[in-house]
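Report on the following structure.
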Amino acid sequence: MGGLFAGHALFDAGHDVRVFERSAGGLSERGGGIVAQPRMRRFLADHGIADPAALVTTTDGRQYLAADGSVRREYDEEMQFTSWDAVYRHLRGAFPDDRYRMDSEVVDDDQGGGEVTVRLADGREATGDLLVAAEGWRSTTRERHLPDATPEYAGYVAWRGVLPEREAPDDLAATFADAFTFFDGGGELVLAYLIPGSDGSTDPGERRLNWVWYDTVSDLDRVLTDASGRRREGAIPPGGLRPDVVADLRAATERHPPRFRRLVRATDDPFVQPVVDLTVPRMRFERTCLLGDAAFVARPHTAAGTEKAARDAVALSTAIRDRDGLDAALDAWERSQLRYGRELVERGKRMGGDRLGGD
């Protein structure tokens, strides 16, 4: 999504933009939930991409459960949620087809004469004034320019899953409908909320239950070795976990409140992502810059990953508009986004430590 945020921000400002997406397809089927932060919602509205109200679910309170399922603490708080796939479909649908190329991985970039030339995996090349690398936390562009800036495992993972509301047993969905719900046990944290359905619907009965379970994992090799025997470096998508890992996951829900236990056990294809911290000393390399998770990764507790990508993109477009010359614009943009990225990563570390008993 970072590439599409940047694409929209720069294209709408009048720049000649092309987006090279390394994935061959399947992005519109990714269904994890995200907090619909104000900056991201405003981006969708300001660029005429979508009416934010049409793709969010809302809760009016936050509640923390005890292990027996009773409500230990609760208070009023309005939160809005959406899903990765719902936002992606709108971003992609509003971007010109002739400027968006799937299955186009950038494998190298070369600077010179105020331009940057990229080489794609299939041998094609493209030249422009600026390369925006929004490749996520495993960015190969970052690895080329900053080989020592590597993600650091935080000591725990995020187990995740989505369950269609209509497939939820009994009245399970109703117990999560009006509150952002948590269980905070020593060394782990579980949370759940409703998100739009796979077709983007927010109507009752058509939504999905989204859950996240932060759990300390010391044997990361076992968890990240998928059903085919491949050791993954990043997330294992739905359907990729080994059966023995899924069985252990479901058995471990015995220590959770009943509604979380039922939710996890009813989910067919849970998935997992390691929680990492990433900071960089630079975001700009002549006419190449890093955007979103390619530069800074804050722990998911901040609920700021998507918003940060949108923020980076808007700040980049604004700097280019307001500064005299691209080099001056990139310098100013880098200074502001480095400061924000560092603050966000440190906030994520504090939140993780507070909730999970340490980094």
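The values are calculated or read from the model by the stated rules, or taken from the named source; none is laboratory data. Treat the numbers as computed from the prediction; the structure is a model and nothing was measured. Glycine gets a Cβ as well: all are built from the backbone with ideal geometry, and neighbour counts include every protein chain shown.
What residue, of A13, A6, is in the same structural domain as A134 (by TED's automatic domain parsing), touching a helix residue (DSSP H, G or I) at 6+ places or on another chain (Cβ under 8 Å) and closer than 25 Å to R144 by Cβ? First the steps, then the outcome.
Values: A13 fails: closer than 25 Å to R144 by Cβ.
Being in the same structural domain as A134 (by TED's automatic domain parsing), touching a helix residue (DSSP H, G or I) at 6+ places or on another chain (Cβ under 8 Å) and closer than 25 Å to R144 by Cβ holds for just one of A13, A6, which is A6.
Here V272 fulfils each of the conditions (1) of a type outside the set (G, A, S); (2) under 22 Å from the mean Cα position of the chain (by Cα); (3) buried (at least 22 other Cβ atoms within 10 Å of the Cβ); (4) part of a helix (DSSP H, G or I) apart from (4). If you go through the stretch 142-174 and keep only what is surrounded by fewer than 21 Cβ atoms within 10 Å (Cβ to Cβ), of a type in the set (S, T, Y) and touching a helix residue (DSSP H, G or I) at 6+ places or on another chain (Cβ under 7 Å), you end up with just Y153.
Every residue, every condition in (1) surrounded by fewer than 16 Cβ atoms within 10 Å (Cβ to Cβ); (2) at pLDDT below 95; (3) under 16 Å from the mean Cα position of the chain (by Cα), yes or no:
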| site | (1), (2), (3) |
| --- | --- |
| L4 | no, no, yes |
| G7 | no, no, no |
| A24 | yes, yes, no |
| V35 | no, no, yes |
| M40 | no, no, yes |
| D46 | yes, no, no |
| T57 | no, no, no |
| R62 | no, no, no |
| S70 | yes, no, no |
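Considering the stretch 310-326, and only residues there that are among the aliphatic types (A, V, I, L, M) and under 10 Å from A9 (Cα atoms), the residue that is surrounded by the fewest Cβ atoms within 10 Å (Cβ to Cβ) turns out to be A315.
Filter the stretch 122-141 down to the residues that are farther than 15 Å from R22 by Cα and surrounded by 15 or more Cβ atoms within 10 Å (Cβ to Cβ) and list them by number. G128, L130 - these are the residues of the stretch 122-141 that are farther than 15 Å from R22 by Cα and surrounded by 15 or more Cβ atoms within 10 Å (Cβ to Cβ). Return the residue satisfying two criteria in turn: it lies in the stretch 203-231 and is within 17 Å of A177 (Cβ to Cβ) and buried (at least 18 other Cβ atoms within 10 Å of the Cβ), and of such residues it is farthest from the chain's Cα centre (by Cα). Across the stretch 203-231, the extreme among qualifying residues is R207.
The sole residue among A227, A192, A173 that is small (G, A, S), touching a strand residue (DSSP E or B) at 6+ places or on another chain (Cβ under 7 Å) and at pLDDT 95 or above is A192. Among the residues that make up the stretch 237-251, is at least one of them surrounded by 20 or more Cβ atoms within 10 Å (Cβ to Cβ), touching a Phe, Trp or Tyr at 6+ places or on another chain (Cβ under 8 Å) and either within 22 Å of W137 (Cα to Cα) or assigned by TED's automatic domain parsing to the domain that holds W211 (or both)? Yes, the conditions are met somewhere in the stretch 237-251. Among residues of the stretch 123-139 that are in a strand (DSSP E or B), those with a beta-carbon under 8 Å from a residue that is among the small types (G, A, S) at least six positions away or on a different chain give the pairs V132/G3; V132/A6; A133/S139; A133/A294.
Conditions tested, residue by residue: (1) within 30 Å of Q111 (Cα to Cα); (2) aliphatic (A, V, I, L, M); (3) at pLDDT 95 or above.
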position	(1), (2), (3)
A235	no, yes, no
V245	no, yes, yes
F260	no, no, yes
F296	yes, no, yes
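Yes/no matrix, rows are residues, columns are (1) outside any helix (DSSP H, G or I); (2) in the same structural domain as N210 (by TED's automatic domain parsing):
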site	(1), (2)
F260	no, yes
D268	yes, yes
A328	no, no
D331	no, no
